[in-house]
Every structure is written in structure tokens, then in C-alpha cells.
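Take a look at the structure set out below.
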Amino acid sequence: MKLIQTRKELYLLSSLMIFLLVVFLSFNYLNPVLLWDECAYLGNARNHLGGSNFVEDFRYPFLEYIIAFVWYFTGESIFAARFVVILMSLLTVFVFYLISREFFSINHSLLITFLFSISSQFILWGFRVYTDVPALMFLLLSFLSFLKYRESGKFAFISISGAFFALAFLSRFTVALFALAVFIEFVLKKDYKGFILFTSFVLLALLPWVGYNYITYDDIIWDFKEQYKIVADYTINQPATLQLNNLFLTLGLLIFFLPFGLIFLTKHKEYLIVSYVVISLVYYLFFVNMKLARYYIVFLPFLYLISYSGLLWLSERRVLKKFNFKILSLVLILSGSVFLFFGLININLENNCDSNSSILNSVQYFNSLEEKPQVIISNYWPWLGYYLNTSVSSTWDKNITNMINIYNPQYFAYNSLVGMEYNKNLLDVHERLSLVKKIEGDCNQEIFIYRVN
């Protein structure tokens with residue numbers, strides 16, 4: 001079976017890829033300042049090549065190894081790291097199109113692929129060095145291989161599916177929910193041989209990770225447990241209604257067809273898609289403290305598949321009048337563009353401080369010192385750790401003297417707008433700290449730098 005069967009597919013998909021490439025490269029240029037987790041993953045990638053003084057080894061491991069591999073040939077570069085994620089985003093769109101062709105005609109597949117590709121969360125995170133899109137890419141490759149196994153019965157496909165799932169898991173541990181959905185699928189369809197083979201190749205692909213953890217930490221799932229612990233301890237609990245609002249802003253008008261799609265696909269025994277979405281919704285609504293919209297990314301294509309299936313099902317049952325495909329396409333594209341527009345406005349309001357970034361100004365200040373600080377304690381430590389390549393610690397203790405005794409820092413740095421909440425007054429009144437620099441930037445973001453006497 002050919003991947004692309006018609007010139008129409010080739011031209012439209014190629015145009016979409018070029019459009020997305022331009023969008024992601026433009027966003028990279030407009031957002032030069034790294035985000036929190038980007039600093040951490042890049043610091044870890046630098047560590048794999050040697051010479052990093054800033055490491056957070058509890059992070060999801062696979063992406064940083066990919067970046068380190070690329071840096072081995074290109075040299076350390078933020079653009080190179082982001083470009084890796086951009087390529088993964090483009091491959092994600094292409095694989096999603098191949099998956100949609102398993103369910104819909106060419107026209108419907110092209111439309112749903114375009115709608116997915118312009119969803120606000122995918123656009124906003126498709127160039128960032130975060131694990132959401134890379135994990136989704138491997139997960140979709142796993143799902144596509146699973147569909148090929150179900151279609152052909154060849155065990156090679158289910159083995160490949162298991163291996164790709166393992167890579168998705170190492171990119172983001174929470175995609176373990178997909179494995180639970182796979183288990184439900186195999187049990188309901190009584191395909192125990194397929195499940196055993198899938199599981200065997202998952203475990204086989206995870207052996208290097210397990211072995212490294214055992215040798216390094218004497219615990220085969222050390223970073224898995226550490227990640228869970230840190231997220232549980234340091235994230236605030238937000239209401240589930242916030243995540244429901246995020247779902248509406250992410251799916252747009254298609255959200256109204258989601259319940260009908262769940263009914264339709266359940267009747268047609270698409271247990272894997274249905275169970276993965278239901279389990280994920282329950283998990284992120286009720287069991288995850290922070291209700292971030294980007295958490296939808298790892299099952300966003302499945303939401304689109306279900307919602308669009310519900311729309312087509314209603315039209316075939318004449319619950320909706322027989323729609324004109326061109327009119328439907330126009331309405332969905334316009335609505336998707338509107339939601340994307342508002343999503344871009346929100347993210348622009350959050351990131352419009354880059355032109356005069358107080359964070360980068362503070363980095364320049366530390367670089368200008370005759371003696372580069374060896375240790376800095378800060379409430380925005382990831383930026384200082386990566387950009388300066390210096391040892392850092394968070395302001396985790398109200399007892400400043402205790403932190404000084406533990407880390408022997410040369411400076412404390414406090415950000416008034418970004419970072420961990422901390423009482424600045426404690427820094428102002430401490431007898432061993434002297435304010436030596438106040439740095440101002442856009443968005444009323446102020447940074448105060450204290451020397452340790």
C-alpha cells in the first residue's frame with residue numbers, strides 16, 4: 001500500500017508541511033527566550049556530552065538523548081534542539097494523516113489533518129523543547145503499527161508497535177495510559193498472543209533505560225518515581241473546570257460531536273481509541289493537580305478522530321441535514337482558525353517580554369562579572385543554570401543561612417514575576433546579603449541580585 005496515492009494528497013500535504021515549517025520557524029524567532037523546562041532538557045542534553053553544571057536528572061529521559069546526539073554533530077545550539085522538535089512535529093502531522101486514512105476518505109482525512117495541525121496547542125508547543133510532541137509522535141507511530149497489525153495479522157507490526165510505545169513512554173511517562181488502553185483492547189478481543197508480543201517488545205525496548213537506572217541509582221525506575229514525587233509535591237491543585245475549558249478551546253466546534261463519536265466508535269468496537277481518550281480525560285481532569293492545556297497534546301489526535309467520527313455519523317443518520325463538504329470544511333477551518341487566533345493572543349501576552357527580557361539581562365550581568373559565580377540560589381534557577389552553565393539551587397528554604405551553609409553560593413537572584421514564589425523580604429533583611437543590582441525588563445518584571453557577604 002502506497003503512503004500517498006494521489007497527486008492531490010501529495011500537493012496538499014506538501015503545502016501543509018511547508019506552511020507548518022514556516023510557522024514553527026517564525027515562532028522560534030519570535031520567542032527566543034527559553035521556557036522553564038526547555039532550560040532543564042537542554043542542560044541535561046549538555047550533560048550527556050560532558051561539561052554541564054546544571055542537571056535535573058529526574059526529567060523524562062529520551063528527548064535529551066536525541067538532542068545530545070544531534071549536538072554531537074552540530075555543536076550545542078538552541079536552534080538545532082528546537083529544529084529537532086519541529087521535524088518531529090511535521091512527522092506527527094504526516095503520521096496522523098496516515099492514521100486518518102484508515103478511518104476516512106481522502107477528503108475527510110485531509111480536512112481533519114489540517115484541523116489538527118492548526119490546533120492552538122499543537123502550534124504553540126510544536127517548536128518548544130518539551131516532551132509533549134515527541135511523545136505524541138512515537139505514540140502515533142505505535143498506533144499506526146497497531147492498526148496495520150489489526151488489518152494484516154502480521155506479528156511484525158505489533159512488535160514494532162510495542163517498541164514505538166516504549167520510546168513514547170521514555171519521552172513522557174504519562175503515555176502509560178495508552179498501554180492500559182491496549183490491554184483493554186486485547187482482552188475484549190481475546191487476542192492474548194498479540195498482547196504478549198506487544199508487552200515483550202515494550203520491555204525489550206526499555207531494557208537500556210532499566211539497566212542505566214539500576215547501575216546509576218540502584219533503582220530500575222528511579223526517574224519514574226522521582227518525577228511522580230516532584231510533580232506531586234510542587235504543583236498546585238487546580239479545578240477540573242479549568243481543564244474542561246481548555247478542552248473547548250483546543251477542540252473548538254468539534255467538541256460538540258465528541259460524545260456522539262464515543263458512542264459510534266464503541267458500537268464499532270474501536271476500544272483502543274475510546275478507552276485511551278476516556279482514561280486520559282479522567283486522569284487529567286481528576287488526578288493531575290495542574291490543569292495545563294498542553295496535557296491534551298498526547299491524546300489530541302484521538303480526540304479529533306472521535307469527534308470527527310461523531311460528526312460523520314450524525315450526518316449519515318440524518319440527524320444533521322446532508323451537509324455540503326465544501327461548506328463544512330469552510331466552517332470548521334474558520335472556527336479552528338478563530339480558536340488558534342485567540343490561543344496565539346494569549347501566548348503572546350505571556351511571552352511579549354522577550355524583547356527586553358530581564359532574565360537575559362541578568363544572565364548578561366553575571367557574564368560581565370570578572371569572577372563568574374560558581375553557585376547561585378534563585379527562584380528562577382533553570383534559566384541561570386542553563387544560560388550560565390553554573391551550579392544553581394532553588395529557594396526551597398525560608399532559612400537563608402541554612403541554604404548558604406549547604407551550597408556556599410556567591411549570589412542570590414530573585415525574579416518578581418517568574419519562578420518559584422518566595423518572600424523577597426527575607427532576602428532584603430538578611431545580614432549576609434547585600435543588594436548589588438536591580439534589573440528591569442518588559443512586563444514590569446524586576447530581578448534583584450544579592451551578593452553573599
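Looking at region 45-67, can you tell me whether even one residue there is hydroxyl-bearing (Ser, Thr, Tyr), more than 23 Å from Val363 (Cα to Cα) and part of a helix (DSSP H, G or I)?
Yes, because at least one residue in region 45-67 is hydroxyl-bearing (Ser, Thr, Tyr), more than 23 Å from Val363 (Cα to Cα) and part of a helix (DSSP H, G or I).
Residues in region 369-399 that are among the basic types (Lys, Arg) and either under 22 Å from Asp233 (Cβ atoms) or in the same structural domain as Glu76 (by TED's automatic domain parsing) (or both): how many?
Count: 1.
Quick one: would you say Asn44 is among the polar types (S, T, N, Q), touching a residue at least 40 places away in the same chain (Cβ under 8 Å) and under 25 Å from Val418 (Cα atoms)?
no
Check Ile376, Ile449 and return the single one that is assigned to a strand (DSSP E or B), surrounded by 15 or more Cβ atoms within 10 Å (Cβ to Cβ) and in contact with a Pro (Cβ under 7 Å, 6 or more places away or on another chain).
Only one candidate passes the filter, namely Ile376.
Quick one: which residue in Ser77, Ser161, Ser120, Ser145 is of a type outside the set (D, E, K, R) and in contact (Cβ under 8 Å) with a residue 60 or more places away in the chain?
Ser120
Identify, please: which residue in region 75-122 is within 22 Å of the chain's Cα centre (by Cα) and not in a helix (DSSP H, G or I) and is, among those, surrounded by the fewest Cβ atoms within 10 Å (Cβ to Cβ)?
Ser77
The values are calculated or read from the model by the stated rules, or taken from the named source; none is laboratory data. What you are looking at is a predicted structure, and each value in this text was computed from that prediction instead of being measured. Here the Cβ is made from the backbone with ideal geometry for all residues, glycine too, and neighbour counts use every protein chain on show.
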